[in-house]
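Q: To start, I am sharing the structure in question, which I have written as C-alpha cells.
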Amino acid sequence: MVDGAHLMAARMLDIRGLGPQDVDLDAVAAHVRAGGLLAYPTETVYGFGSTADEASVERVRALKRRDAHRPLLLLVRDAADVDGLVWTDAARALADVFWPGALTLVLSDPRGAFPAGVRNAQGGVAVRVSPHPLLGPLLDHVGGPLTSTSANAPGMEPARSGEDAMRAAEALGAGPDMLVLGAGTLPPSSPSTIVDCTGRVPFVLRSGSVPLTRLRCALPEIHGR
C-alpha cells in the first residue's frame, strides 16, 4: 500500500558529486516554471525559491512565514536579467568587480517590474549573481531569475546541506511541490554583503562575505558600518 503521507511530502533529488551537465535541469526548470518551489545550494547557504511571478513569490513567502517588510531577493545570471531596474554607475562598478560573488545589490524598481514580495517598501529589489556552479546553468534553463531566501524554519540555522534543507522544508509543512536539490554540505560561510544602490551614495545594509575594505577598493565613496 502506498503511504498517503509520503505522497504529500517534499521531494529530494540527490545530485551530490554531479556536475550541472549531469543533472536533468530541463525537468527542474519545468518544475519551477509550473509554479513549483525549489530548495537549492548557493555560495553561502541553501535557499528556498521560485520564479519571480506574483503567485510563486507569495507561496515562498507563505512557506517561510515571511513578514511583509522582508522581501525575497533575486538570483540572476547577469545584469541583463534585471535590466528594467535602475543601474547606477556605482551599482555597475560593484557588479563588474564582485559578481559572481556574495554581494547583493539593491536597485530601484520604479516601473514595478517585480511584485511586492520582491520589491521593498521603498521600491528597491535585491539582486545577486551566485558563483555556485549549479546556479548559472539552472537559471539558463529557467530562462530568468529565481527568488531566494534562506532555507530554514523560524529559530533554525540556515541549511548547509540538502538534508538540512529537506528537514527545514518538512518543518515548514512543504508538500510535493517542493523539490530539494541535495548537492551535499556547503563549507562554512558568512552571508552575502548587501549594498543599497538606490540613492546617490551607496551604503552597506548588511556586512557579510565581502568586507567594506574590499568594497572601497572598487568604490571609495561607499558608506559602511
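Q: Going by average Cβ density within 10 Å per residue, which order do the peptides 25-36, 147-158 take, highest to lowest? Intermediate results must be reported in sequence, preceding the final value.
A: Values: 25-36: 16.2, 147-158: 18.4.
Put in order of decreasing packing, that is 147-158, 25-36.
Q: Measuring from centroid to centroid over Cα atoms, what is the spacing of segment 147-191 and segment 91-143 in Å?
A: Rounded to whole Å, the Cα centres lie 20 Å apart.
Q: With a/c under 1.5 counting as rounded, go ahead and sort segment 2-146 into rounded, prolate or oblate using the C-alpha gyration tensor (a ≥ b ≥ c being the square roots of the eigenvalues; past the cut-off, prolate if a/b is larger than b/c, else oblate).
A: Numbers: a/c = 2.18, a/b = 1.37, b/c = 1.59.
Verdict is oblate for segment 2-146.
Q: Only Lys, Arg, Asp and Glu count, each charged at its Cβ (+1, +1, -1, -1), so figure out the dipole size of the chain about its Cα centre, rounded to 20 debye. Walk me through the intermediate numbers first.
A: Working: 21 positive and 24 negative charges, 155 e Å.
Around 740 debye, computed over the chain.
Q: If you fit an axis through the alpha-carbon atoms of helix 162-171 and take the longest principal axis of the Cα set of the chain, what angle between them do you get, 0 to 90°, nearest 10?
A: Approximately 80 degrees, to the nearest ten.
Q: What do you get for the angle between helix 54-64 and the principal long axis of the chain? Use alpha-carbon atoms, 0 to 90 degrees, nearest ten.
A: Compared with the principal axis, the helix lies near 80 degrees.
Q: Choose one of 129, 179, 193: the residue whose Cα lies farthest towards the positive end of the charge dipole of segment 121-225 (beta-carbon charges +1 Lys, Arg; -1 Asp, Glu; about the Cα centre).
A: With unit charges placed on the Cβ atoms, the residue in question is 193.
Q: Given R₀ = 30 Å, FRET efficiency for residue 96-residue 21 by Cβ-Cβ distance, to 0.05? Working shown, then result.
A: On the way: r = 28 Å, r/R0 = 0.93.
Taking R0 as 30 Å, the efficiency between residue 96 and residue 21 is 0.60.
Q: Also, I was wondering about something else. Would you mind working out the accessible area per residue for the chain, using a 1.4 Å probe, and quoting it in Å²? Can you show the working numbers first?
A: Values: 10480 Å² over 225 residues.
I get 47 Å² per residue for this part.
Q: Check which residues have an amide H placed less than 5 Å from residue 43's amide H, if you skip close sequence neighbours.
A: 132
Q: Right, another one. Specify the angular offset, from 0 to 90 degrees and rounded to the nearest 10, of the alpha carbon long axis of helix 89-98 from the longest principal axis of the alpha carbons in the chain.
A: 50 degrees
Q: Please identify, among 85, 138, 205, the residue showing maximal mean-square fluctuation in a Gaussian network model of the chain using a 10 angstrom Cα cutoff.
A: 205
Q: Calculate how many DSSP beta bridges within the chain are antiparallel, expressed in % of all such bridges and rounded to the nearest 5.
A: Numbers: 18 of 32 bridges.
Around 55 percent of the beta bridges assigned by DSSP in the chain are antiparallel ones.
Q: What 222 nm value per residue comes from the helices of the chain, counting each DSSP H run with n ≥ 4 as -39,500 (n - 2.57) and dividing by all residues, nearest 500 deg cm²/dmol?
A: Helices in the chain give a 222 nm mean residue ellipticity of -7000 deg cm²/dmol.
Q: What is the calculated FRET efficiency for residue 68 to residue 207, with r their C-beta to C-beta distance and R₀ = 22 Å, to the nearest 0.05? Each step should come with its number before you reach the end.
A: Details: r = 25 Å, r/R0 = 1.13.
For residue 68 and residue 207, the calculated efficiency is 0.35.
Q: Would you look at the GNM of the chain, springs on alpha carbons closer than 10 Å, and say which of 123, 101, 17 moves the most?
A: 17
Q: Classify segment 1-77: rounded, prolate or oblate, from the alpha-carbon gyration tensor (a ≥ b ≥ c, eigenvalue square roots; a/c under 1.5 rounded; otherwise prolate if a/b is larger than b/c)?
A: Numbers: a/c = 1.77, a/b = 1.15, b/c = 1.54.
Here segment 1-77 falls in the oblate category.
Q: Given springs between every Cα pair under 10 Å in a Gaussian network model of the chain, which of 124, 173, 47 has the largest fluctuation?
A: 173
Q: Which of the listed residues, 98, 82, 45, is farthest toward the dipole's positive end in segment 1-143, when Lys, Arg count +1 and Asp, Glu count -1 at the beta-carbon?
A: 45
Q: Where Lys and Arg each count +1 and Asp and Glu each count -1, what net charge lies around residue 177 among other residues with Cβ under 14 Å from its Cβ? Each step should come with its number before you reach the end.
A: Values: positive: 11, 33, 59; negative: 58, 170.
Taking every other residue near residue 177 into account, the sum is +1.
The values are calculated or read from the model by the stated rules, or taken from the named source; none is laboratory data. These numbers come from a predicted model, not from an experiment. Cβ coordinates were reconstructed from backbone atoms using ideal geometry, including for glycine residues, and neighbour counts include every protein chain displayed. The protein model used for the area step is the full one, side chains on, heavy atoms only, and it has no ligands, DNA or RNA in it. Shrake-Rupley method; radii C 1.70, N 1.55, O 1.52, S 1.80 Å.
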